[in-house]
Each structure stands twice: as structure tokens, then as C-alpha cells.
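Here is the structure we will look at.
The values are calculated or read from the model by the stated rules, or taken from the named source; none is laboratory data. Computed from a predicted model, the values in this text were never measured in an experiment. Cβ atoms come from the backbone with ideal geometry, glycine included; neighbour counts cover every protein chain shown. These accessible areas exclude ligands, DNA and RNA; they are computed on the full protein's heavy atoms, side chains included. Shrake-Rupley method; radii C 1.70, N 1.55, O 1.52, S 1.80 Å.
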Amino acid sequence: MPDNPQVVLKITDLVKSFDSTKVLKGINLTVGHREVTVIIGPSGCGKSTLLRCLNGLEPIDSGQIELNGQLITAPGTNWSAIRQKIGMVFQNYELFPHLNVIDNILLGPVKVQGRPRQEAIIDAQSWLDRVGLKDRALSFPRQLSGGQKQRVAIVRALCMSPQIMLFDEVTASLDPEMVREVLDVMLNLAKGGLTMLIVTHEMAFARAVADRIIFMDDGHIVETAQPEAFFNNPETERARRFLNIFQFQELERRRA
Amino acid sequence: MLDSAIEIFTAGRNTARLFEGLAITLKISAAAVGLSILLGIPAGLLMSSKKRFWRVSLKLYLEFIRIMPILVLLFLFYYSLSSVFNINLPAVTVSILVFTLWGTAEMADLVRGAVTSLPRHQWESGRALGLSELQLNLFVIVPQAVRRLLPGVINLTTRMIKTTPFVFFINIPDLVKVAQQIVEVTGIRNPLASVWVYGVIFFIYFAICYPISLFSRFLEKAWQN
Ligand SMILES: Nc1ncnc2c1ncn2[C@@H]1O[C@H](COP(=O)(O)OP(=O)(O)O)[C@@H](O)[C@H]1O
Ligand SMILES: [Mg+2]
């Protein structure tokens, strides 16, 4: 549970369409300081789009987004400044292939935030150490496994000292044996009190990490619940069906 | 046998003229490659942009240039400009113009290919870090596009050098033209003239183009990450 009621992110009546198709149909959501919110829902229900709207990668149709009380959906928003406060890690490894690990990490702090390089290196090294990549600073992305790349991507976002981190299915493209190492990093971040908004299909992880579960379907938030309550006894029929289908698929996958 | 070679390359200004021919070949190629790169980059960015007018018209231009034999273009500009429009351009200028028209089309296509082959995520993850559009291009997009562009540009350069002998047909004394003249004159007394002269030409082309491709391989290796 959030031990501080301070609101980091407040989304009000967010609507977003692609061409004439509405993808987000009025989203209302608040994320408190140090709170871990996990969004789950069927593929195509708008989870990625929601995260992408939060840092301005997608323009929105209507509604409001506030970050620490500052309205960031007003015209003339300086997105570069906002994005420094919102860390994002995507599903596909998106390190810059022409830069080694440390230069990937330093681009933001040094070029965008103008921090002294030496100081940023110390910070980066300590994060790399914490995610188990201490000796990988000079490796290039092509020399890393998928799990290592995602851990670097997480460190790269963390080194901007964001006020909230967004994770969009960061383990979805990983080989099964690498999922664990990335989820462990995220669990540790949660324990450390980082404010996080996580989209995932890993239900056991969701249950373990979440302060709160948001269930989305077809552009709506259908259910908001405590993790135990949600997984043991979902309130809505749609959530129940989703969990059933999901468990079935999970069994199939394990058997395969 | 060696005597015949010595005789050819010491007679009159033969060697000096070969070097003059080489200078013309290099001048035309270098000017055309340089101009093609300068004009091809913006053209390629327009081709990969969302601007439909530019995409379509540049694509048409590229197809047209590719279909047209270089020789036809050379004749068209050299002879037709003067007879129809009464514009008399020096032959070297015409050849640089024609090779630039061709090179710009090819260069634009290379740039388009390099930029569109970059995954969309490269832009997005750069933006997500707060990079401005300028920083994004400077630190993320351009360095990667240049790496992808390099083999094509090197290839275009050597193709350009190898195609310059066509200027022979508009009477420019390039390397091959000079060689032919030397063979014509010395061949009467010296039956091995063609072997020696064209053999030297062969090595000159090799000596120019091979280091270029070596250099490109070196850069590719250095950037391979
Ligand atoms: N750039 C886009 N253009 C058009 N439609 C899109 C685009 N991105 C996503 N969509 C559509 O929006 C819907 C929600 O997509 P997304 O947010 O990726 O879902 P999720 O992440 O929950 O799987 C899907 O129907 C998808 O096809
Ligand atoms: Mg998604």
C-alpha cells in the first residue's frame, strides 16, 4: 500500500482514437507516490496506447494528465522536460546499437540533463551493479542477451531519476529462461519504493509486485482491486473470463 | 620486351598525358560523387518523408534515370543543349552534370533505404529519454543511418569511376581516351603497345578502386556493433 498519499500521476477522462477507432474510451486513474500499479487485460485493449499517451508519444483526443500536480496535456507542453521525469521501458529491446552500454545509459543524463559525465558514470555503474551487470559497461547491445538488454534499458531509464517508471510488457519478447532475471530487478525496485505503472502478462509477478491491479478491456478500466482479491475472486464477469482463458493458455504453454 | 614498354612510356608526353587523363577521370568522378551526396541526402530524406508529392516525383525521376543509358544522357545534354537551346557547356561540365543527375538519384535511394530501415523504436526510445529532435538525429539516427549508408556510397563511387570512360564519346580526353590515342600512335611500330598501355590502365583503376573498397570494409568492421 502506498505509505504516502501524495499523487504522482492523475489521469482524467482520457480519450484516444486512431483514425476513427476509439482505443481509450475515458480512462480515469491515479497513481500515488511509491505505489506499484499493474495493468492487465487482453491484447489490443489499449494498455500500450495508455502508457504511450502518458509521455506524449501519442497525442490524445481529450482528457487530462497531471504529473505531480502539473497539467501536462495543455498545449505547448515541453515534452522533453516531462519525459525526463517519466521513465519508460518498452517491450522490444530498444537500446541504441551503435553505442555501448555505458554510452546508452549516459545519453540522457549527460546530453539531456546536462549532468557532469563523471558523476553520471558513478551513478550508472552503481545501478549496473545492482542489476547484476557490473562488468558489462563496455559491451555493445549485440553482445548481450535479451534479458541483459532489458536490464540495461531499465537502468538507462532509472539514471534519469524519474518520478515514475512505465513498463510495457518488458518480458514479453524474452526467452522464458530470461524472464525471471528481469522480473527480479523490477521486484527489487518495487521494494525500494519506486513509483511504477506496469503492464504485464506475468500473473504471478503481477500478484507479487502490485499494490493494486487495474483490469482493462476494450478501452475501459473494468476493475480496480487489491491483487489478492482480484486473482482469488474477481468482481466482474469479464475479468473472470480473462483469468480463466489466461490460466488455460498458461497451462497449454507449460505443456508445450 | 621490356624495351617496348620503356619506349612507349618515355616517348613524347605519353606518361604525362596518361596522368592528365587520370586527373580528368578523377575530377569528374569526385565532383559528381560530391554533388550527388550533397543533393542526394535532402532528396532521400524527402523520399522517406510523408510528403506524397516529393515521394512520387522523386521515385519517377529515379526510375527514369535508371532506365536511361548514361551515354544517351551524355549525348542529349552535350549535343541537344547546344543545338536546341543554344547553350554551349564545356564537355567536362556536361559530364559532371550528367553523372550528378544519375548519382543524385542513386544516392537519394540509398538515403531513403538507410533511414527507413531503422526501426521505429529507435526514434521512440530516444524521445522517451527526453532527447530533443535535434539531439535525436545527431546522436541516434544519423550515426546509424551513416553506417548503413556507407557500403552503398562506396559502391556508387566505384561505379561512378568505372562509368566515366563514357565521356570518351563527347571527346573528353579521360584516362581511357588518352590510352586509346597512345595505342593508335605507337601501335604502328610497337605491336605490344595495346597490352602495355591497357595493362597500365587496368592497374590504375585497380589502384584507385581497391583502396576505396578496403577502406569501406575497414569502416564496416570498426562500426560493426
Ligand atoms: N499506431 C496505431 N495506429 C492504428 N491503430 C493502432 C496503433 N497502435 C495501436 N493501435 C490499435 O489500438 C488498439 C490498442 O492497441 P494497444 O494499445 O497496443 O493494445 P495492448 O497494448 O493492450 O495490446 C489495437 O486495436 C491496435 O490495433
Ligand atoms: Mg501492448
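Residue pairs whose Cβ atoms lie under 6 Å apart, sitting 6 or more positions apart in sequence or on different chains, and linking a residue in the stretch B:113-133 that is at the interface with chain A (Cβ under 7 Å from one of its Cβ atoms) to a partner that is acidic (D, E), are B:H121/A:E94; B:S125/A:E94. The residues listed here are A:M178, A:M165; of these, the one that is under 12 Å from the mean Cα position of the chain (by Cα) and either away from ligand 2 (no atom under 16 Å from the Cβ) or open to solvent by 60 Å² or more (accessible area, probe 1.4 Å) (or both) is A:M165.
The strands (runs of 3 or more DSSP E) found wholly in the stretch A:32-104 and carrying at least 3 residues that are within 16 Å of ligand 1 (Cβ to nearest atom) occupy A:36-40. So is A:V36 surrounded by 17 or more Cβ atoms within 10 Å (Cβ to Cβ) and more than 13 Å from ligand 2 (Cβ to nearest atom) or not? So A:V36 fits the description; yes. Would you confirm, using the coordinates I've provided, whether B:V153 is more than 14 Å from chain A (Cβ to nearest Cβ), in a helix (DSSP H, G or I), open to solvent by 10 Å² or more (accessible area, probe 1.4 Å) and at pLDDT 90 or above? Yes. If a residue must be more than 14 Å from chain B (Cβ to nearest Cβ) and over 20 Å from A:R52 (Cβ atoms), how many such residues does the stretch A:150-186 contain? So the answer is 13.
Within this structure, A:T21 fails the test of being near ligand 1 (Cβ under 9 Å from one of its atoms) and within 14 Å of chain B (Cβ to nearest Cβ). Taking the residues in the stretch A:93-104 that are facing another protein chain (nearest Cβ under 10 Å) and among the aliphatic types (A, V, I, L, M) as candidates, determine which candidate is least open to solvent (accessible area, probe 1.4 Å). Checked the stretch A:93-104; the qualifying residue least open to solvent (accessible area, probe 1.4 Å) is A:L95.
Looking at this structure, is A:K10 at pLDDT 95 or above, over 19 Å from B:W123 (Cβ atoms) and either away from chain B (no Cβ under 14 Å) or buried (at least 19 other Cβ atoms within 10 Å of the Cβ) (or both)? So A:K10 passes the test. Scan the stretch B:33-55 and give yes if some residue there is open to solvent by 70 Å² or more (accessible area, probe 1.4 Å), in contact (Cβ under 8 Å) with a residue 12 or more places away in the chain and closer than 22 Å to B:I172 by Cα, otherwise no. Yes, the conditions are met somewhere in the stretch B:33-55. When the stretch B:156-175 is limited to residues that are polar (S, T, N, Q) and part of a helix (DSSP H, G or I), the one that is farthest from the other protein chains (Cβ to nearest Cβ) turns out to be B:T164. When the stretch A:108-123 is limited to residues that are in contact (Cβ under 8 Å) with a residue 12 or more places away in the chain and hydrophobic (A, V, I, L, M, F, W, C), the one that is farthest from the other protein chains (Cβ to nearest Cβ) turns out to be A:I121. Within the stretch A:39-50, residues that are within 14 Å of A:Q249 (Cβ to Cβ) reach no partner that is of a type in the set (A, V, I, L, M, F, W, C) and within 6 Å of ligand 1 (Cβ to nearest atom) with beta carbons closer than 6 Å at six or more positions or on different chains.
One residue alone among A:S139, A:S145, A:S126 is of a type in the set (S, T, Y), within 13 Å of chain B (Cβ to nearest Cβ) and open to solvent by 10 Å² or more (accessible area, probe 1.4 Å), and that residue is A:S139.
Taken over the stretch A:141-195, the criterion of being touching a residue at least 60 places away in the same chain (Cβ under 8 Å), over 21 Å from A:R115 (Cβ atoms), among the β-branched types (V, I, T) and more than 16 Å from ligand 1 (Cβ to nearest atom) is satisfied by A:T195 alone. In the stretch A:42-57, the residue that is surrounded by the fewest Cβ atoms within 10 Å (Cβ to Cβ) out of those that are more than 10 Å from chain B (Cβ to nearest Cβ) and away from ligand 2 (no atom under 12 Å from the Cβ) is A:C53.
Here's the yes/no breakdown for (1) within 16 Å of ligand 2 (Cβ to nearest atom); (2) at pLDDT 95 or above; (3) within 18 Å of the chain's Cα centre (by Cα):
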position: A:R156; (1), (2), (3): no, yes, yes
position: A:V182; (1), (2), (3): no, yes, yes
position: A:V185; (1), (2), (3): no, yes, yes
position: A:M196; (1), (2), (3): no, yes, yes
position: A:E202; (1), (2), (3): yes, no, yes
position: A:Q226; (1), (2), (3): no, yes, no
position: A:I245; (1), (2), (3): no, no, no
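Of B:V146, B:V140, which residue is under 18 Å from A:N100 (Cα atoms), assigned to a helix (DSSP H, G or I) and modelled with pLDDT under 90?
Values: B:V140 fails: modelled with pLDDT under 90.
One residue alone meets the criteria, B:V146.
Checked against the criteria, A:D218 counts as open to solvent by 10 Å² or more (accessible area, probe 1.4 Å), touching a Cys at 6+ places or on another chain (Cβ under 7 Å) and away from chain B (no Cβ under 14 Å). Scanning the stretch A:83-92 for residues that are out of contact with any Ser or Thr (no Cβ under 7 Å at 6 or more places or on another chain), more than 7 Å from chain B (Cβ to nearest Cβ) and not hydrophobic (A, V, I, L, M, F, W, C) yields A:K85, A:G87. Among the residues of the stretch A:9-19, the ones that are within 11 Å of A:D61 (Cα to Cα) and of a type in the set (S, T, Y) come to 1 in all.
Does B:I141 satisfy the condition of being touching a helix residue (DSSP H, G or I) at 6+ places or on another chain (Cβ under 9 Å) and more than 13 Å from chain A (Cβ to nearest Cβ)?
Values: touching a helix residue (DSSP H, G or I) at 6+ places or on another chain (Cβ under 9 Å): yes; more than 13 Å from chain A (Cβ to nearest Cβ): no.
Answer is no for this residue.
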